[in-house]
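This report refers to the structure that appears directly beneath it.
The values are calculated or read from the model by the stated rules, or taken from the named source; none is laboratory data. Note that the structure is a prediction, hence the values are computed from the model and not measured. Here the Cβ is made from the backbone with ideal geometry for all residues, glycine too, and neighbour counts use every protein chain on show. Surface accessibility is based on the protein's heavy atoms, side chains included, excluding ligands, DNA and RNA. Shrake-Rupley method; radii C 1.70, N 1.55, O 1.52, S 1.80 Å.
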Amino acid sequence: MDRLRIIGGTPLFGSVEISGAKNAALPILFASILSNQKSVIQNIPLLADINTTLKVLDALGMKTLFKLENQVIEIDGASLNAHEAPYELVRTMRASILVLGPLLARKRIARVSLPGGCAIGARPVNFHLAALEKMGAHFKIESGYIDGFAPQGLKGAEIEFPFPSVGATENILMACVLAEGKSILRNAACEPEIVDLAKALRSMGAKISGEGTPTIHIDGVSSLQAMNHAIAPDRIEAATFLCAGLITRGKITVRGISADFMRSAIDHLKKSGALITEGKNEITAEYSQELAPFHLVTEPFPGFPTDMQAQFMALATQSRGKSKISETIFENRFMHVPELIRLGAKIEIKGNEALVSGPAALSGATVMATDLRASASLILAGLVAEGETIIRRIYHLDRGYEQIELKLSKLGAQIFREKDK
Ligand code: EPU
């Protein structure tokens with residue numbers, strides 16, 4: 001197992017190319033199940049979750065080829081010959097549940113290990129199942145597996161989600177494109193990753209309109225051709241790097257992404273005192289004055305993303321005054337707090353609110369990464385802590401940030417990957 005060693009205190013300067021978005025790439029790779037032709041997907045980030053996704057597709061019999069040098073994946077839909085996502089894979093990546101919609105749509109049968117809870121919350125899949133039932137599927141849940149059947153094929157339906165769940169919107173959108181007749185999804189998630197999935201599906205011949213709004217219309221088709229798509233940039237990676245520039249009192253430009261993907265995070269960076277410059281396909285954040293405290297509430301898009309909450313908490317430790325951070329999406333997403341406190345942060349938790357008093361003089365220590373975004377938050381704190389910070393269990397980080405230590409090193413950070421004992 002690896003760990004990161006960071007020597008804090010160096011301001012970061014320069015520009016960094018943003019990778020393809022993990023949370024767009026995963027559903028889009030699973031969407032290749034919908035076609036019996038060879039899909040080509042570009043701008044794939046090099047991440048552990050991508051490898052897990054390829055293993056799930058392999059388990060379904062699909063032939064995959066990852067051309068590492070240009071980060072392209074080819075997936076042959078013709079070789080699909082199984083319908084089970086096994087426990088060992090779902091256990092390491094909950095997003096494997098996204099095979100359910102595509103498999104039921106194409107094969108009329110699916111068997112997926114029931115994803116358990118995870119470090120950030122219980123994360124049930126009831127919205128996914130209820131919507132597929134409305135489309136004519138039925139389920140048996142036994143021995144930790146979801147067995148789904150749609151012997152008559154899926155039928156288009158009008159579905160209103162109880163909450164704009166990202167995963168449920170993706171799963172059901174993928175099911176609807178091959179279902180018979182028209183579907184309407186209401187209270188759908190509006191995240192840029194949904195828009196990217198719809199674009200990828202459209203490259204296959206799917207008929208979709210309204211993605212990026214709460215109401216999506218789909219006109220089912222009887223078959224889909226190969227997908228040809230390049231994954232959209234990762235707004236969470238971009239915002240994490242902008243935070244890194246600000247927290248270290250430097251200046252970082254993120255390249256290959258438009259500010260429209262991340263308006264709420266940018267507004268909060270401005271509130272904390274960052275000087276932001278927006279270009280056509282790049283954004284710069286520059287430290288220009290002492291950081292100000294802020295209030296943030298995580299919300300579905302276009303609100304502030306829960307996936308940036310932990311990183312902004314690191315920023316709040318360096319802001320003068322009291323910041324208030326409310327987490328409304330996941331019930332247990334403050335696991336980074338005790339670790340930040342080990343580095344010297346002053347944070348109090350009251351229910352789903354964290355009150356952060358700053359600026360705190362952080363000092364390096366050994367800390368434990370508990371989930372992906374918590375790891376990023378600890379890196380940010382380590383970059384400003386005095387002395388040496390060791391972050392253990394960074395396999396979480398490798399799931400979602402492509403070569404983060406390399407990218408940070410190029411910006412001037414003293415960050416090293418080492419073998420953990
Ligand atoms: N929910 C239900 N029932 C469902 C589905 C969701 O109650 O059937 C609840 C969840 O428990 C949660 C809320 O609805 O409280 C929102 O969950 P959502 O379904 O939107 O999350 P997800 O699809 O499981 C994706 C991202 C997460 C990101 C969330 C929210 C992927 C692969 N994962 O998860 O990303 O935090 O949306 O934006 O796209 C990460 O990248 O670190 C990460 C956790």
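Within the range 333-363, the residues that satisfy the criterion of being in contact with a strand residue (DSSP E or B) (Cβ under 9 Å, 6 or more places away or on another chain), open to solvent by 30 Å² or more (accessible area, probe 1.4 Å) and assigned to a strand (DSSP E or B) are 346, 348, 349, 353, 355, 357, 363.
Out of the range 1-45, which residues are farther than 22 Å from residue 243 by Cβ and either open to solvent by 50 Å² or more (accessible area, probe 1.4 Å) or part of a loop (DSSP other than H, G, I, E, B) (or both)? 1, 35, 36, 37, 38, 42, 43, 44 - these are the residues of the range 1-45 that are farther than 22 Å from residue 243 by Cβ and either open to solvent by 50 Å² or more (accessible area, probe 1.4 Å) or part of a loop (DSSP other than H, G, I, E, B) (or both).
Counting residues in the range 80-89 that are assigned to a helix (DSSP H, G or I) and within 13 Å of the ligand (Cβ to nearest atom) gives zero.
The residue list 230, 239 contains one member that is small (Gly, Ala, Ser) and open to solvent by less than 40 Å² (accessible area, probe 1.4 Å), which is 239.
Within the range 253-288, the residues that satisfy the criterion of being in contact with a helix residue (DSSP H, G or I) (Cβ under 9 Å, 6 or more places away or on another chain) and among the small types (Gly, Ala, Ser) are 256, 259, 264, 265, 272, 273, 274, 279, 285. Out of curiosity, is residue 189 over 29 Å from residue 70 (Cβ atoms), at pLDDT 95 or above and among the aliphatic types (A, V, I, L, M)? Against the criterion (over 29 Å from residue 70 (Cβ atoms), at pLDDT 95 or above and among the aliphatic types (A, V, I, L, M)), residue 189 qualifies.
One line per residue, one yes/no per condition, for (1) open to solvent by less than 40 Å² (accessible area, probe 1.4 Å); (2) near the ligand (Cβ under 8 Å from one of its atoms); (3) within 23 Å of the chain's Cα centre (by Cα); (4) closer than 28 Å to residue 396 by Cα:
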| position | (1), (2), (3), (4) |
| --- | --- |
| 104 | yes, no, no, no |
| 111 | no, no, no, yes |
| 131 | yes, no, yes, no |
| 134 | no, no, no, no |
| 146 | yes, no, no, yes |
| 151 | no, no, no, no |
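Which members of the range 373-418 meet the condition of being outside any helix (DSSP H, G or I), of a type in the set (Lys, Arg) and at pLDDT 95 or above? Listed by number, the residues that qualify are 392, 417. The C-beta contact set for the range 168-181 (first residue touching a residue at least 60 places away in the same chain (Cβ under 8 Å) and closer than 16 Å to residue 151 by Cα, second residue open to solvent by less than 10 Å² (accessible area, probe 1.4 Å) and within 16 Å of the ligand (Cβ to nearest atom), distance under 7 angstrom, 6+ apart or interchain) comprises 175/101; 175/104; 175/132; 175/135; 179/135. Looking only at residues in the range 158-181 that are among the small types (Gly, Ala, Ser) and more than 30 Å from residue 306 (Cα to Cα), the one that is least open to solvent (accessible area, probe 1.4 Å) is 179. Take the residues of the range 49-71 that are more than 23 Å from residue 82 (Cβ to Cβ) and part of a helix (DSSP H, G or I): which is most open to solvent (accessible area, probe 1.4 Å)? In this case the residue turns out to be 69. Just one of the numbered conditions (1) surrounded by 17 or more Cβ atoms within 10 Å (Cβ to Cβ); (2) within 23 Å of residue 391 (Cβ to Cβ) is not true of residue 366: (1).
If a residue has to be farther than 26 Å from residue 218 by Cα, assigned to a loop (DSSP other than H, G, I, E, B) and charged (D, E, K, R) to count, how many in the range 90-130 make the cut? Of the residues in that region, 1 qualify.
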